[in-house]
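Please read the structure below before turning to the comments.
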Amino acid sequence: MSDKIKNYYTSFEDSCSSDDCSCTDLPPVAEVEKTSGFTRRSFLKTAGFSFGALFVACTQAPVKKAIPFLIQPEEILPGKAIWYASTSNACEAGCAVHVKNRDGRPIKLEGNPEHPLNQGGLCSQCQASLIELYDSKRILHPLLNGEKSDWQTVDNKIIEKLKNSDKEIVLLTNTVSSPSSENIIGKFKRKYKNISHVQMDEYSYSAILDAHEKNYGKRFIPKYQFDKADLIVSIDADFLGTWISPIQFTKDFQKNRKLDSKNISKLIHIESHMSLTGAKADERIVLSPSEIIKFTKELDKGIQGELTENKYASKIANLLKHNKGKSLVVSGINDVRVQLLVNRINKKLGNINKTLNHKEVSKQYAGSDKDVKVFIEKINNGKIEGVIIAGVNPVYSLPNGKELSKKIKLLKLSVSITDNHNETSECCKIVAPDRHYLESWNDNEIVLGLLSMTQPVLQPFGKNRSLRMSINSWLGKSGNERDLIRNYWRGIFTSKVKTTQTFTRFWNNLVHDGFVKIKPISLKLNAFNDNRPQININKPKGLEYILYRTPQLAFGQHAENPWLQELPDPITKITWDNYVSISPEISKKYKLEKGDVIKIKSGNNTVQLPVFLQPGQQKNTISIALGYGRQGTERFHEIGPNWLEKKPTVEKGIPVGKSVSHFISENINFTGNITSIIKTGKTWNLAMTQTFDSLINPINTSPAIMPKRPFVQETTFKSYKKDPTSGKHHGHPVTTMWKDDHKYKGHHWGMALDISACTGCSSCVVSCQVENNVPVVGKDEVLRKRDMHWLRLDRYYSGKGENVDVSFQAMMCQHCDNAPCEPVCPVLATVHSTEGLNEQIYNRCVGTRFCANNCPYKVRRFNWFEYAREDVMENMVLNPDVTVRSRGVMEKCSMCIQRIQEARFEAKKNGKSIQDGDIQLACQQSCPADAIVFGDLNDPKSKISKLVNSGRHYKVLEELNVRPTVGYLTQVRNREEDSNKGNHHG
Amino acid sequence: MKDKLINNQLKLITTFVVIVGIGIIIKNSNIHFPGNFEGYEPKQPIAFSHQLHAGEMTIPCMYCHFGAEDSKHAGIPPANVCMNCHEFVNNNTNENKIAEKLGRKVEVSPEINKIYESFGTSEKNYEDKSPTEWVKIHNLPDFVFFSHKPHINAGIDCEKCHGDVASMTRVKQVNDLSMGWCLDCHRQDHESLNNTKERKSQLQDCATCHY
């Protein structure tokens, strides 16, 4: 090789990539016939050009029509957004939203900042639930035996069956937190005596409810007040990610994590797989599921003053005892015994009505495993004649779903109320299509004493109808939903509200604000009835498994949502799949590598899934995500751009991922023991984003001596209090070749991201996607490193073995003052604004991709294709203020320039300058942890200027002297050890 | 030799004259580069005259195009705004006067009748109702963001871009709406820029219009 002339090749696929290549001779160039004068070819060239030019010049532009309203409603102005207050029914947590409506269609959801629960934050699922409204595969007509029907036929059929039933008919719903629905279900039960109502939650919180019933005589979930607790011990409760009401809890949790206060809360998290709460924890204890139960028992012993052998338990018990009345112990294990222990601990610590509110209790979840079990037994014994299923998908989410579907098919009456085809609707004779929450009226008492309102923001797309209206017509009544709810509240509002205001006023306020405080019913709890459960757990010999929910897909309720499927899992960064997370120990023992498909057996249950090596995983536990393998996700076969080498995201007729619902135990426990693991020999490609977007230098491209770059800079709370700059990387002296001749005289926009606050929930990623018309590309394109998210959430691990720390870093265009992308653009398509923003001008871009190559942060995204926009329905979600980029164009974070402009126009109208806080970027608005701050760096009073000067502020890759305007704030953990030790000094 | 030189010079002059001539012809004709619709004057479904309404009657622009102050679009007036006047006025004033003199019933103008027809023939028949489909004259490409709001609030006259609409019977696009034409204004100082932090240099940023 060395004595020969160097071989140049363009890619590794070229044959010249190997050392022994000998193809130095170029293939002979075809000889061109030399002729003189006007040849046939030049004639064709000229003719082609002239005809082309003529054609372009003489085509008529299409005539565009402008069609005004016939009678324009007073509040509607074309081109101007109207905002409606509403409540999200995307999940049971019931976060309050503001819906942005442009020209009659909702295009963005934002949290309602005044609402006491979510306080302005919104999760990724809720943000993404918007596109489900425009889903062209939604059921818009009632179906009878799978065929299109109309309401009258369907209603008559149902009423006839209801009247002539001799056996029980079960109304199976998700938790009903709407007072008016409860009322109408009551009427329904009174009219048809055979009806019984069973509530179930797909992911069950039954153990918490049951434990409280045993202890206090009432089934309820207390209001957990993470803002009031100084010490939080979470026993496998992923309250920042998926547990009960994560947005509310994140907001509350952050309130007691303000670094300028004297003390911040400490979070101890015990778990067996890596969750978002575990990633945020100040101390993370890794135990297997069976060990966790044992640990809880020992912890209870420690709290009650008995001797405990477990060193963790005794240590934590001591800590808890020091924080009596200021601590909070929560557990996410759906085992009544564990929940009884947790109640005992909290009682003993005196946390009741201090950190655990027993007055304004949560009504978000009320499902009962016992009731569901009884229902299943009855249906198996033929004691049930019919089912009406609304809001839940038991065939998918219950462990014995398959048998259940067979039984449902045999019933005389089977009605499914759903807005999408799902496993349950497939086996029901009648499908009564439900409405999307943006099309319907609803009232929710999510927490006792807080009434939230849902209002429609557009005309319904089809002839669908909500559960409330369906029951209403089965009661033989007609009317509209608004009047139904309004009349219900007219009747009872005097008993619910203290003020002397009229009902119309009360109602208008309720609809305008989206919520109102009402008098809560007194729960009348019994005195604490101590109930010490007997727990005897033998340590299992083999491996254990735990089934968890991811923050993006939960239990598969939103599996048909392309935005959520392509949202990388915050921890593993994998899209479009579920997998088995294993520890390196298991990988070594079974000789498994990433992507190896294994067959897992537990009792009679089996599943085949690819393997993923997860740092921080308990060494004898494997974990699998729920919510995959949902029927209906076969549709993603088509997703992504069509081209010659396209590989479908899923094979035809195969859903995304595999369902593991059958691994849930009979008592609805999400853990169990593995009987065997068998390597199948097959492999599977997992589409991971961080492997190519990470800023860490790949080993094979950088020399080993290259210093590690301090992307995440970390300190402890103690050190921070001594020195706010602690943990920060000492800057290298940078020599600059740029003159400092660009002064930003007006505004200078900048952003700061608090790594310490960020929980990794990924709500910003989806928010950005909705706001900026970012396309979905499909699994194959993600594998080709062509995902399009403008904002990505980098995840960094530190530490070894099970003791792994996780830090999240939202990475988007850093809007560098010395932007390296700008000088390399040959057509000046990326330039700097006078306000410090790096602008990407789509109509100038010719797609050389030099800029992306020169970007050290790897945040630029190239439109390799004209991404599928054929679905006219889905196109309605596009933001009309942002260009839809075409093929061959580079794009990236614009710092929501459309929002800056809008604020500027509004300020101009009022004759003012833009004030701090007038502009809220999409990512910033949705962030439940308030980790993103945006503002004017030139304004010394702005929040951002204060943060930049706070000592915690640093810039990523500062040594490159690109001078980004986006900065980060150091990660601060509330723990003992000194973080300064391992830091790299320049 | 000399002949050749003169010949060459003649050739040059002829070419020059031809090119300049073609240039002048193109400049004065309706031929435009693709995307330039200067002079576009489409026929509208109702022969609405701005000359009558804005010129003779001096109705302010913002009475009908009331969206301009607060929205991206100035807006085409909805039929109910037309009806504010045309509930009472159903024909030309001159015709009215003549009719009054002669004591005969005023005939409804066929053009105004189109507004009435858009509300439907009977009150109950909703299917019948359809708003007038006007032809849009001023079009910008999708990659340009333009909002009336800041321009109106800066005190820019409508005529500056739309020409003297008050004298047009049928509205015509009088400017080429090209980027250079936009920048001609954006490069100038304006009194509305004095009080705010936004200087005119900001108005020349690409992302003022392109995002």
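The values are calculated or read from the model by the stated rules, or taken from the named source; none is laboratory data. Just so it is clear, the structure is predicted and the values come from calculations on it, not from any experiment. Cβ: placed from backbone, ideal geometry, glycine included. Neighbour counts: every protein chain shown.
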message: Checking A:R885 against (1) within 11 Å of chain B (Cβ to nearest Cβ); (2) surrounded by fewer than 20 Cβ atoms within 10 Å (Cβ to Cβ); (3) in a loop (DSSP other than H, G, I, E, B), only one condition comes out false. Which one?
response: (2)
message: Restricting to the stretch B:55-70, count the residues that are away from chain A (no Cβ under 14 Å) and among the hydrophobic types (A, V, I, L, M, F, W, C).
response: 3
statement: Those strands (runs of 3 or more DSSP E) completely within the stretch A:501-588 that have 1 or more residues that are exposed (fewer than 15 other Cβ atoms within 10 Å of the Cβ) are A:515-517
- prompt: For the stretch A:909-943, how many residues meet the condition of being part of a helix (DSSP H, G or I), away from every other protein chain (no Cβ under 14 Å) and buried (at least 22 other Cβ atoms within 10 Å of the Cβ)?
  reply: 3
statement: The residue that is surrounded by the most Cβ atoms within 10 Å (Cβ to Cβ), considering only those in the stretch A:888-905 that are more than 8 Å from every other protein chain (Cβ to nearest Cβ) and not in a loop (DSSP other than H, G, I, E, B), is A:M890
message: For the stretch A:110-135, give me the residue count where each residue is in contact with a helix residue (DSSP H, G or I) (Cβ under 6 Å, 6 or more places away or on another chain) and crowded, with 24+ Cβ neighbours inside 10 Å.
response: 8
message: Looking only at residues that are modelled with pLDDT of 80 or more and among the basic types (K, R) in the stretch A:526-548, which one is nearest to A:S204 (Cα to Cα)?
response: A:R532
- request: Select, from B:H50, B:H73, B:H32, the only residue that is in contact with a helix residue (DSSP H, G or I) (Cβ under 6 Å, 6 or more places away or on another chain) and within 10 Å of chain A (Cβ to nearest Cβ).
  value: B:H73
query: Which condition number does B:K149 fail, the rest of (1) part of a loop (DSSP other than H, G, I, E, B); (2) within 11 Å of chain A (Cβ to nearest Cβ); (3) among the basic types (K, R) being met?
result: (1)
field: Among (1) modelled with pLDDT of 90 or more; (2) in contact with a Leu (Cβ under 6 Å, 6 or more places away or on another chain), the one test that A:K941 misses
entry: (2)
statement: Note on the stretch A:208-248: residues at positive phi and in contact with an Asp or Glu (Cβ under 8 Å, 6 or more places away or on another chain) are A:D236
- prompt: Among the residues of the stretch B:69-86, how many are without any contact (Cβ under 8 Å) to a residue 12 or more places away in the chain and either surrounded by fewer than 18 Cβ atoms within 10 Å (Cβ to Cβ) or on the phi < 0 side of the Ramachandran plot (or both)?
  reply: 3
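Matching residues to (1) at pLDDT below 90; (2) touching a Lys or Arg at 6+ places or on another chain (Cβ under 8 Å); (3) more than 22 Å from A:C813 (Cα to Cα):
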site: A:W864; (1), (2), (3): no, yes, no
site: A:M895; (1), (2), (3): no, no, no
site: A:R899; (1), (2), (3): no, no, no
site: A:K909; (1), (2), (3): yes, yes, yes
site: A:Q925; (1), (2), (3): no, no, no
Pairs, first surrounded by fewer than 15 Cβ atoms within 10 Å (Cβ to Cβ) in the stretch A:635-658, second at pLDDT 85 or above and not in a loop (DSSP other than H, G, I, E, B), C-beta under 6 Å, six or more apart: A:K647/A:D780; A:K652/A:H637; A:G653/A:E634
task: Go through (1) surrounded by 15 or more Cβ atoms within 10 Å (Cβ to Cβ); (2) out of contact with any Leu (no Cβ under 9 Å at 6 or more places or on another chain); (3) within 23 Å of A:I586 (Cα to Cα); (4) polar (S, T, N, Q) one by one and return the number of the condition A:T621 breaks.
output: (2)
- request: Kindly check whether there is at least one residue in the stretch A:748-768 that is within 14 Å of chain B (Cβ to nearest Cβ) and part of a loop (DSSP other than H, G, I, E, B).
  value: yes
query: Out of all the residues in the stretch B:52-68, which are surrounded by fewer than 16 Cβ atoms within 10 Å (Cβ to Cβ) and of a type in the set (A, V, I, L, M, F, W, C)?
result: B:L52, B:M57, B:I59, B:M62
message: Looking at the stretch A:59-69, can you tell me whether even one residue there is more than 7 Å from chain B (Cβ to nearest Cβ), among the polar types (S, T, N, Q), outside any strand (DSSP E or B) and without any contact (Cβ under 8 Å) to a residue 24 or more places away in the chain?
response: yes
message: When you scan the stretch A:154-172, do you find a residue that is of a type in the set (S, T, Y) and at pLDDT 90 or above, even just one?
response: no
Hits in the stretch A:129-171 - residues which are assigned to a helix (DSSP H, G or I) and within 35 Å of the chain's Cα centre (by Cα): A:S129, A:L130, A:I131, A:E132, A:L133
- line: Scanning the stretch A:808-864 for residues that are in contact with a strand residue (DSSP E or B) (Cβ under 9 Å, 6 or more places away or on another chain), within 14 Å of chain B (Cβ to nearest Cβ) and of a type in the set (S, T, Y) gives A:T830, A:S833, A:Y842
- prompt: Is it the case that some residue within the stretch A:862-877 is assigned to a helix (DSSP H, G or I) and of a type in the set (F, W, Y)?
  reply: no
